[in-house]
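Right, one structure below, let's go through it.
The values are calculated or read from the model by the stated rules, or taken from the named source; none is laboratory data. Worth saying up front: this structure is predicted, and the values here are computed from it rather than measured. Cβ sites come from the backbone with ideal geometry, for glycine too, and all protein chains shown count toward neighbours. Calculation scope for accessible area: heavy atoms of the full protein, side chains included, ligands and nucleic acids excluded. Shrake-Rupley method; radii C 1.70, N 1.55, O 1.52, S 1.80 Å.
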Amino acid sequence: MYYLREKMQLQQASLEIDPDNRLHPFPLTDVQQAYWLGRKVTFEGGNVGNHGYIEVDALDLDLERFTTAIQRLIDTHDMLRAIVLPDGQQQVLEHVPPFQLQVENLRGWDEQAREDHLEHIRQTMDHQVFSGEQWPTFALLISLLDEQRARIHLSIETLFVDGWSVIMLVQEFVRLYYDPHLPPTRPELSFRDYVVAQEALRDSELYQCDLEYWSRRLPSLPPAPELPLTSHASSLFTPHFVHRAGRLDKISWQRLKERAALLGVTPTDMLLTAFAEVIAAWSKSSRFTMNVSTFERPPFHAQIQKVMGDFTSLTLLEADYSVSETFEKRVQRLHAQFRDDQEHGFYSGIRVLRDLARKQGGAGKALMPVVFTSLLLDDIAVKGPKPWQNVV
């Protein structure tokens, strides 16, 4: 705990709000750089974007108000105007072209023809690959279904905004749509300020301490799970991800949360362990390493929660199923290992992967392709001694 307090004090001391340089180029974070380079065809499993697709139906949609609300979001939040420069830095553009909403009128179409066309839109937008080097890095389309119903299609590149930022953007859009006179909520703190502060920490003793921690862990870190594959990732020129869905009923979910509280862990810890159980059941190796996406908004400034950007980091988590034990014991062990690893997060999981690639000569290979990500709002908003290290 003392170590974490030292980190907090260092982060606060490193932060400087710099409005004069808000539009100047600044480095990509480790994860952003991995996202940007990983979409290149030279990388195993590449040629695919790191983006999200959402569609939702709306009633009596006012297209003018819709467009105005989107334009205000673009004008307010820097990272909705960001691009990657040829030298690998990022920059917020001061001015971008006015947002033009794309609308398709499907009113009066035959039902089957309309559904076929909607499926075509879904397949096209769900697999978009934005370069990140040109604006915009998102696409919006409205399909008018009948006189009242419309379908909103959103494809957004998450190179510049993480999952929590997207949730905040949706919430703010709804407020602006229903109340166009609301004042903008642009924070003084910028994502650039955050990144510059994080970069400065790499000269600190605490960063060196985290580097040494992972250097000690690296020789014993097991490889990725050995899963049965119909084809190897290196043979896929255009990978497609498929969405599978499942639900827990309200009573089961409540019981899971209560059980997690009794064990002193979060619901995300429970789901992470269940995920690892499934991976272990199919993996040839009983010891393996997973990539866990982490959500890091260190509270070294009151406005940090209002800043849109990609605050994602990665933690390499070791799972050991060579010893038989109860699920509860596994949850607590994974929880303890994960928290210990996170406490040494100044040296990011991306840097650990780079070290591993140099050691194994695996440049271009997907070394740790099994990733666990959670966006449980209860966990993100968790209160306690580590609110800046919550799983997404």
Please compute the modelled spin-label separation between residue 340 and residue 94, points set 7 Å along Cα→Cβ, answer in nm with one decimal. 5.2
How tilted is helix 349-360 with respect to the longest principal axis of the chain? Cα atoms for both, answer in degrees (0 to 90, nearest 10). 60
Under the rule a/c < 1.5 gives rounded, and otherwise a/b versus b/c splits prolate from oblate, where does the stretch 120-226 land using the Cα gyration tensor? oblate
Going 7 Å from the Cα of residue 54 along its beta-carbon direction, which residues of the stretch 120-153 have the amide nitrogen within less than 12 Å of the resulting point? 152-153
Projected onto the charge dipole of the chain (+1 at Lys/Arg Cβ, -1 at Asp/Glu Cβ, origin at the Cα centre), which of 165, 73, 177 gives the Cα projection farthest towards the positive end? 165
Considering only protein heavy atoms, what per residue accessible area in square angstrom results for the chain with a 1.4 angstrom probe? 52
Once the Cβ-Cβ distance between residue 201 and residue 85 is put in as r, and R0 is 22 Å, what FRET efficiency do you end up with, to the nearest 0.05? 0.40
At 7 Å along Cα-to-Cβ for each site, give me the label-to-label distance between residue 241 and residue 226 in nm. 2.7
Compute the long axis of helix 267-282 from its Cα atoms, compare it with the longest principal axis of the Cα atoms of the chain, and write down the angle in degrees, 0 to 90, nearest 10. 70
Dipole of the chain [Lys/Arg +1, Asp/Glu -1 at C-beta], most positive-end residue of 302, 91, 63: 302
Which is the longest part of the chain that has none of the chymotrypsin sites (Phe, Trp or Tyr not before Pro) sitting in a DSSP loop with at most 10 other Cβ atoms within 10 Å? 1-236
Name the residues whose placed amide hydrogens come within less than 5 Å of the amide hydrogen of residue 314, ignoring near sequence neighbours (fewer than 5 apart) on the same chain. 294, 349, 350
Any idea what the dipole of the stretch 89-166 comes to, in debye rounded to 20, about its Cα centre with Lys/Arg Cβ at +1 and Asp/Glu Cβ at -1? 140
Using a simple charge model, +1 on the beta-carbon of Lys and Arg, -1 on the beta-carbon of Asp and Glu, nothing else, what dipole does the stretch 286-344 show about its Cα centre, in debye to the nearest 20? 160
Please get the size of the charge dipole for the chain, origin at its Cα centre, with Cβ charges of +1 on Lys and Arg and -1 on Asp and Glu, quoted in debye to the nearest 20. 1120
Heavy atoms only, probe 1.4 Å: what % of the accessible area of the chain goes to carbon and sulfur, would you let me know? 54
Nearest 10 degrees is fine. How inclined is helix 63-76 to the longest principal axis of the chain, computing both from alpha carbons? 40
Taking θ as phi - 60°, what are the ³J(HN,Hα) couplings along the stretch 322-332 by the Karplus curve (6.51, -1.76, 1.60), each to the nearest whole Hz, with x for Gly and Pro? 6, 10, 7, 7, 6, 4, 4, 5, 5, 4, 5
Compute the FRET efficiency between residue 259 and residue 174 as 1/(1 + (r/R0)^6), taking r as their Cβ-Cβ distance and R0 = 35 Å, and round to the nearest 0.05. 0.55
Estimated inter-spin distance, residue 104 and residue 359, nm [label 7 Å along Cα→Cβ]: 4.9
Out of all DSSP beta bridges with both ends in the stretch 80-172, state the antiparallel percent to the nearest 5. 70
Which residue, 132, 246, 163, has the most motion in a Gaussian network model of the chain that connects Cα atoms within less than 10 Å? 246
Are there trypsin sites (Lys or Arg not before Pro) in the stretch 239-312 that DSSP puts in a loop and that have at most 12 other Cβ atoms within 10 Å, and which ones? 244, 247, 284
